[in-house]
Amino acid sequence: MSTAATEPASDRAKGDRTRGDKGEVLVDVQDLKVHFPIKRGIIFDKVVGHVYAVDGVDLQIRRGETYGLVGESGCGKSTLGRAILHLEESTEGTVTFDGQSLTDLGGEDLRKRRRDLQMVFQDPMGSLDPRQSVESLLVEGMKAHGIVGDAEAAMPRLKQLLSDVGLPAAALKKYPHEFSGGQRQRIGIARALSVDPELIVADEPVSALDVSVQAQVINLLADLQEEYGLTYLVIAHDLAVVRHISDRVGVMYLGGIVEESDAADLYANPLHPYTRALLSAVPVPDPDVEDTREQILLSGDLPSPANPPSGCRFHTRCPWRQESRCDDERPQLRLVEIDGTTGSHKVACHYAEQIASGEIQPHDVETQTEDKPKELREAEGDEVADDIPFT
Amino acid sequence: MTTTTPETARRDPRGAEPLLSVRDLTVTFKRQGEDPFVAVDGLSFDVRPGQTVGLVGESGCGKSVTSLAIMGLLPDRGNTVTGSVELDGRDLLTLSNKQMRDLRGSDIGMIFQDPLSSLNPVVPIGRQVTEVLERHKGMSRKSAKPVAREMLHKVGIPDPDRRLTEYPHQLSGGMRQRALIAMALACEPRMLIADEPTTALDVTIQAQILALLRELVEEMDTALIMITHDLGVVAGLCDEVNVLYGGRLVERGDRHPLFHDPHHPYTGGLLSSVPSLEGDAAERLNPVPGSVADNLPWTSSCAFAPRCSNAIERCREETPAAVASGDRVLRCFNPLGGQASPAESEEDRR
Amino acid sequence: MTPTHRDARDPGTKGPRGLGSRKKERIDELAATAGASGPVDEAGAIDDTAGVSLIASAWRRLRRSPVFLVGLAITIAFVVLAIVSSWLAPHDPGEWLLYDKVSPQSNPIPGPEPGFPLGADDKGRDLLSRLLVGSRQTLIVGVCATLFGLAGGLVLGTLAGAFSGWVDSVIMRIVDVMLSIPSLLLAFSISAVASRPSQWTLIIAIAIVQIPIFARLLRGSMLAQRSKDHVLAARALGVKKSAIVLRHMLPNSLGPVIVQATLVLATAIIDAAALSFLGLGNPDDRNPEWGQMLGRAQTYIYDHPHLAFYPAICIIIVALGFTLMGESLREALDPKSRR
């Protein structure tokens, strides 16, 4: 069924929301940076540093595809997702959606534009207002965008939405706490669909769900994409999930994308040392694979995004690190041509070719303890102290 | 960097005497004005020194309650625990609170999912480790300090001298989990219970922690109970796997046969619903329908029946019994190509 | 309470029944239907009953809580008493009926006698009637002081919680200043500033003391709501800011404020007694009020402690009623206690 059929005809007919061709660039992110100031001070806050959550990301998402963004916690993938939706102010750079710059939009224009960009959250309970029935949760967005006048008129569409996500109409009168986790996530997806968006940013859509339920939601997302021609940006830490649902995958490390390619290509031929380590670390539910495979154990932790390493962000943990260049010069995301990879494989590593050919061999990494400036460490301590509730 | 290839042929601990022996463990929660809720129902398993036993299942399957019951950490009121938990022939369920406190940390160590809330935020890491040593080994604070330093070093915390004086919030998630493991291991317990120890961690850190646990089990001959929902973790770490559903054991087996040839439809469903890193990515996943909210009561049926693709009429009318054949235990009337369980009568259970 | 499927189906059932038995019924139904129709839908079963909102489920839990029921009983008794006391009282509480028995030297406080079971006060007014009728003024003082405090706190707290930045800073600094003055001293000053103390200066003094507490509480829980995913979801959905504040943030923040209000009701009555005791209450004692009666009893506290004892007991019982209710409300509204 096409989207137009479920949409009030008058709205669709205006032509301002007709969809472009599949495959053209829908979201274009250029050099996006999101830096959060770290403030300290007794009376007046003084900025003592920044958390470089997203630090120069270029990213294109094509219409109708699923772009998977993987990375570990603290790499800035969630912040990037929110910055694309303009839910987080960006420090620098632009986000262009369907030819229109979102970064310049504000106020009412932005609010109206939000109809095209929706979000699905990690925590299905926390993302649903516990005081609203499912009906009022689903109607809210439609009312805000004038898609329906009142709840009565919305009823056919509400039932359609629920059946799209596999729930019976009886769910309308219920409240979020009366559902199981998977059902709640379905409601969250129905809410995102309610305003008929083009892009859905799904931030860890299945990580809070039980294993057996995860697969239900993954299948549902795939079905809905097919039915409504949706474009997805799926943010997740689970590499297997991302591989399964994505057409293209970007790997993030400390605020930047280090590798990007078609999903199959990326998983078959990981070029960046970090991607290799990440893939080798994923536990596989097969004892034979677990017993025989080679693990690249990275030493140490993710450095603090408030004090990222110079040069290549990964050089402090990289087993293939080379003298001076890796420490000094930040590698740009570049197209590489290596046998066996597709032509669109991008990687941010100075020595990708040499590592792939085996010219550079891995070596032991001296575990470095991170030495943050004293002020920054204290500032982070303060943040924790601030979390202690006021009593 | 270390490139590790886990040994394929591990020492087989199965011949040894069990260190911990859980028999018919049943935990019932009772809240005022509500019907009692049986969280763990007749669970039995053994753990031998140097063996890793996995308890696998989804939320609500009773795996965490089991660990708390073994540790004697369930609240004093509102629940009843029956059955027996024998450590070296001593039933832990009959011990007093004080005796259990002496045992925890010295003979049994525990690692929790969330390292930040398991550590005291206002006490330095080093102090928290030395406290364990002072409490259980009767060491002085001074003599405990080098031991604590050694422990932190052993679990892979770099620059342990500095870390000793730091507070939990100054450490990263992986470092905190290591600190927690250092605390659990400080007194060289013979038994370690890890409740989702890597769930809150990233994959690269998870790999480090799992490698560490594997090493400890082998080196110190510790018995490890690994509680997790992650089948990948189980496949790589556990010798014996217990699959729990709705508070009862539904399948048990050594990891190789269990993963290659799951008999219970739930085990099979779990395995087929996880996307894999190999194989065809476009292939549709095969989820288990519904959620644990759809369970039937075990007392008159198989709890999994409503979600089960293999369910037959009998599954909704009788309770299947857990049947052992060799090393495998199965509770199912209509397993995936195999031997069915007989029905379980109430008398059998009591 | 919202009528539910269960109530509709078995109206004959008396008394509260456990959630557990409800669940069991559901399971039985499920078993019955599932037996016929095979495995569940992929999303899992959803029963056909009407939903139970948070408030309804909180009420279900409250109905079974003995603490709440005791508190509620005391509160209702108090309110009913306040309404019907004028008919209940055997005498006019303002009339100096036993004044001729009062002699300042030998018998300042007339004792009990037929028709006057508790005796009279220093002006010969019937003590029992004064206690009964006093409930009305006490209720007015408690409720009005709480309502005014709540209203002021709601406005300030909502403004501060909805607009971050300088609005929040300014309001919170004002509130901090108010908090930094000891509450009794603040009430004392307000009462003293009023040219002629009356019942209303008392109410306003107590209300103003409560404002910063309500404001801080509400702001805190609004701020907590602001960072919640469901608020972010509403923003992502393109919902207007005013609607986000009024529909999502405010209703979800009110729980602790309502609980605080029931607790404040109790303290307002006690504060009123304290101010009256200090002579800052209503000088006109024709309409009795418990706090005021307690305050006046101080002159005779050594020889006739019962004058203070009776109103004090009344205040304690009523305050206990509100506190019990507030505490059990707090427990019922706490999302962690929900299952």
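Structure data summary
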{"item": "Separation of alpha-carbon centers, the range C:174-207 and the range B:114-174, rounded to whole Å", "result": "52 Å"}
{"item": "Packing rank of A:201-207, C:288-294, where each peptide gets the mean count of other beta carbons within 10 Å, highest leading", "result": "C:288-294, A:201-207"}
{"item": "Per-residue Cβ neighbour rank within 10 angstrom, fewest leading, B:ASP254, C:ASP284, B:ASP41", "result": "C:ASP284, B:ASP254, B:ASP41"}
{"item": "Average beta carbon contacts from partner chains per residue of B:232-242, 10 Å cutoff", "result": "4"}
{"item": "Label-point separation, B:THR199 to B:HIS169 (7 Å along Cα→Cβ), nm", "result": "2.5 nm"}
{"item": "Low-density loop positions, chymotrypsin sites (Phe, Trp or Tyr not before Pro), the range A:44-144 - DSSP coil, at most 16 other Cβ in 10 Å", "result": "A:PHE44"}
{"item": "For the range A:24-246, with +1 on Lys and Arg beta carbons and -1 on Asp and Glu, the positive-most of A:MET155, A:PRO37, A:VAL217 along the dipole", "result": "A:MET155"}
{"item": "Inter-label distance for A:LYS112 and A:LYS173, nm, one decimal - labels placed 7 Å from Cα along Cα-to-Cβ", "result": "3.8 nm"}
{"item": "Helix runs (DSSP H) in chain B reaching 20 Å along axis by Cα, Kyte-Doolittle at least 0.0", "result": "B:203-220"}
{"item": "Of A:LYS143/A:LYS173; A:LYS174/C:LYS228; B:LYS30/B:LYS63; A:LYS77/C:LYS228; A:LYS22/C:LYS240, pairs whose Cα-Cα distance is over 24 Å", "result": "A:LYS22/C:LYS240"}
{"item": "Ranking of B:PHE259, C:PHE188, B:PHE304 by count of other Cβ atoms within 10 Å, fewest first", "result": "C:PHE188, B:PHE259, B:PHE304"}
{"item": "At least 24 Å along the helix axis (C-alpha) and Kyte average at least 0.0, DSSP helices within chain C", "result": "C:66-88, C:127-162, C:199-226, C:250-277, C:306-333"}
{"item": "Cut-off of 10 Å, at most 12 other beta carbons, DSSP loop: longest stretch of chain A lacking such trypsin sites (Lys or Arg not before Pro)", "result": "A:23-391"}
{"item": "The range A:24-246, relative contact order in percent, only Cα pairs under 8 angstrom and at least six apart counted", "result": "25 percent"}
{"item": "Ranking of B:SER84, C:SER129 by count of other Cβ atoms within 10 Å, fewest first", "result": "B:SER84, C:SER129"}
{"item": "Computed lengthening from B:VAL123 to B:GLU17, 0.36 nm per intervening residue step minus Cα-Cα distance", "result": "34.2 nm"}
{"item": "Mean Cα-pair separation over length for chain C, i.e. relative contact order, pairs under 8 Å, 6 or more apart, %", "result": "21 percent"}
{"item": "Estimated FRET transfer efficiency when R0 is 45 angstrom, pair B:ASP221-A:ARG334 (beta carbons, to 0.05)", "result": "0.30"}
{"item": "Extension gain, C:ASP176 back to C:ALA73 (0.36 nm per residue minus Cα-Cα distance, nm)", "result": "33.4 nm"}
{"item": "Low-density loop positions, GluC sites (Glu not before Pro), the range B:273-339 - DSSP coil, at most 13 other Cβ in 10 Å", "result": "B:GLU278, B:GLU283"}
{"item": "Computed label-point distance, nm, for sites C:LEU88 and C:LYS123 using a 7 Å Cα→Cβ extension", "result": "2.3 nm"}
{"item": "Exercise: per-residue mean of other protein chain Cβ atoms within 10 Å, A:122-132", "result": "6"}
{"item": "For chain C, size of Cβ-based charge dipole, Lys and Arg +1, Asp and Glu -1, in debye", "result": "1180 debye"}
{"item": "Percentage relative contact order, the range A:150-298, counting C-alpha pairs under 8 Å, at least six apart", "result": "14 percent"}
{"item": "Span from the the range B:216-288 Cα centroid across to the the range A:205-250 one, whole angstrom", "result": "22 Å"}
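Values in this text are rule-based calculations from the coordinates and carry no lab data. Since the model is a prediction, treat every value here as computed from it, not as a measurement. Because the Cβ atoms are built from the backbone with ideal geometry, glycine has one as well, and the counts that use them run over all protein chains shown.
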